[in-house]
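Peer 1: Once you've had a glance at the structure underneath, I'll fire off some questions.
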Amino acid sequence: MLTEKRRFRGLKYPSIKIGRSRYVKLGLGRFDWSDLYHLLLNLSWPRFLAFASGFFVLVNVLFALAYLVQDGGIENARNGSFTDAFFFSVETIATVGYGAMRPITLFSHIVSTVEILTGMLGFAMVTGLMFARFSRPTARVLFSRVATIHSVNGIPTLIVRAANRRHNLILQASVHATLLRHETTAEGQVFRRFRDLKLVRDSTPVFALSLSVMHPIDKDSPLYGIEPEQLGDATIIVTLSGFDETSSQTVYAQKFYYANDIHWGKRFADIIITLPDGQQAIDFTRFHDFAP
């Protein structure tokens, strides 16, 4: 074990986070430059903007050095001035000419032509990446912070709440619940098992307000016969998908519930209320509340 710690000390490996757990991927490079498009899409906005800005400055620095190879190639630019060459490069790559500096030799014309082509292709790619990042479908689904287990029609039932935070409809919404747990075989091997949790209703034609995700803990349930202290490292994963009527795209959302997030013998507080004028309303201030 000490040898392994020394082997990986100070080194960074790619990792993926699943709920609260983070798994390091040994044997793979931290960055897969052959999949640059996916890499840039997964960067956070601050890192993406920093990368784009840094790349823009780097390209202009390289072209500025190219212009300095030949003195007198840029009219009205001081010979050997990196500043003049750099800002002339910025104006050229952006196809913004102020009229003060321009190429006057064959060499500087060739360099500016290559730079203009580079700028056109580069701005087109950055524009495409920006559009792809903005156009990615997102769901504003609110899940209850906790899950409850109490009897419904005499059957212990696991219940989770979900609500559409947007003021539109999610059509043909479907819900799936899975139990993730470490299990030991008769031979002593430990496996991470995914067990599907059958729901009372796993789809709805219209998801506009709130939805109760209910799993009856009967004899066919992976949770049958399990006491609260036996959950251990068990994780319940709830996923919801549907067709967003506004964006005309399929949206997804998920929530992880751990053993300490499950409250036994409790039920969620009622959130459907009637206003004084007779209208029905949902009180989201009590969305996460529960009671005995």
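Peer 1: Can you count the Lys pairs in the chain whose Cα atoms are under 29 Å apart, with each pair 8 or more apart or on different chains?
Peer 2: Taking the chain as the scope, the lysine pair count is 14.
Peer 1: Select from S144, P222, L199 the residue farthest towards the positive end of the dipole of the chain; place +1 on Cβ of Lys and Arg, -1 on Cβ of Asp and Glu, and compute about the Cα centre.
Peer 2: P222
Peer 1: Would you mind calculating the gained length between R30 and F55 on full extension (0.36 nm times residue separation, minus the Cα-Cα distance), in nm to one decimal? Kindly include the intermediate steps, with their values, before the conclusion.
Peer 2: On the way: separation 25, 0.36 × 25 = 9.00 nm, distance 1.98 nm.
Extending this stretch completely gives an extra 7.0 nm.
Peer 1: State whether region 33-135 is rounded, prolate or oblate according to the following rule on the C-alpha gyration tensor (a ≥ b ≥ c being the square roots of its eigenvalues): a/c under 1.5 gives rounded; otherwise a/b larger than b/c gives prolate, and the remaining case gives oblate. If you can, show how the numbers build up before the last one.
Peer 2: On the way: a/c = 2.65, a/b = 2.44, b/c = 1.08.
Prolate.
Peer 1: In debye to the nearest 20, how big a dipole does region 146-292 give about its Cα centre with +1 on each Lys and Arg Cβ and -1 on each Asp and Glu Cβ? It would help to have the intermediate numbers written out before the result.
Peer 2: Details: 14 positive and 16 negative charges, 20 e Å.
Dipole about the Cα centre, nearest 20: 100 debye.
Peer 1: Here's something else I'd like to know. Run the dipole for region 54-201 about the Cα centre, Lys and Arg Cβ at +1, Asp and Glu Cβ at -1, nothing else charged, and hand back the magnitude in debye, nearest 20. Each step should come with its number before you reach the end.
Peer 2: Working: 15 positive and 8 negative charges, 310 e Å.
Computed about the Cα centre, the dipole is about 1500 debye.
Peer 1: Compare the Cα positions of T83, V96, V24 along the charge dipole of the chain (+1 at Cβ of Lys, Arg; -1 at Cβ of Asp, Glu; about the Cα centre) and return the one farthest towards the positive end.
Peer 2: Checked the options; the winner is V24.
Peer 1: Before anything else, pin down the relative contact order of the chain: Cα pairs under 8 Å, at least 6 apart, normalised by residue count, whole percent.
Peer 2: Numbers: 447 pairs, mean separation 38.9, N = 292.
About 13 percent, as a whole number.
Peer 1: Right, here's the next one. Using the scaling law 2.2 N^0.38 Å as the reference, what is the normalised Cα Rg of region 57-116? Show your work: numbers first, answer last.
Peer 2: Details: Rg = 9.7 Å, N = 60, 2.2 N^0.38 = 10.4 Å.
Expressed relative to 2.2 N^0.38 Å, the Cα Rg reads 0.93.
Peer 1: If we restrict to alpha carbons, what Rg and Dmax does the chain come to, in Å?
Peer 2: Expressed in Å, the Cα Rg and Dmax of the chain come to 29.1, 90.
Peer 1: Tell me the Rg and the Dmax, in Å, that the Cα atoms of region 135-292 produce.
Peer 2: For region 135-292, the Cα radius of gyration and maximum Cα-Cα distance read 17.1, 66 Å.
Peer 1: Treat every Asp and Glu Cβ in region 33-135 as -1 and every Lys and Arg Cβ as +1, leave all other atoms uncharged, and give the resulting dipole magnitude about the Cα centre to the nearest 20 debye. Before the final figure, lay out the partial values.
Peer 2: Working: 4 positive and 6 negative charges, 52 e Å.
Here the size comes out at about 240 debye.
Peer 1: Among L158, S241, V251, whose Cα lies farthest out toward the positive end of the dipole of region 141-291, if unit charges sit on the beta carbon of Lys, Arg (+1) and Asp, Glu (-1)?
Peer 2: Farthest along the dipole direction, towards plus: V251.
Peer 1: At q = 0.13, 0.15, 0.16, 0.25 Å⁻¹, what is the log10 ratio I(q)/I(0) for region 245-292, with the Debye formula run over Cα points and no solvent?
Peer 2: Reported log10 I(q)/I(0), two decimals: -0.57, -0.70, -0.76, -0.95.
No lab work stands behind these numbers, since they all come straight from the coordinates. In this text the structure is predicted, and so the values were computed from the model without any measurement. Note: ideal-geometry Cβ built from the backbone for every residue, glycine included; neighbour counts use all protein chains shown.
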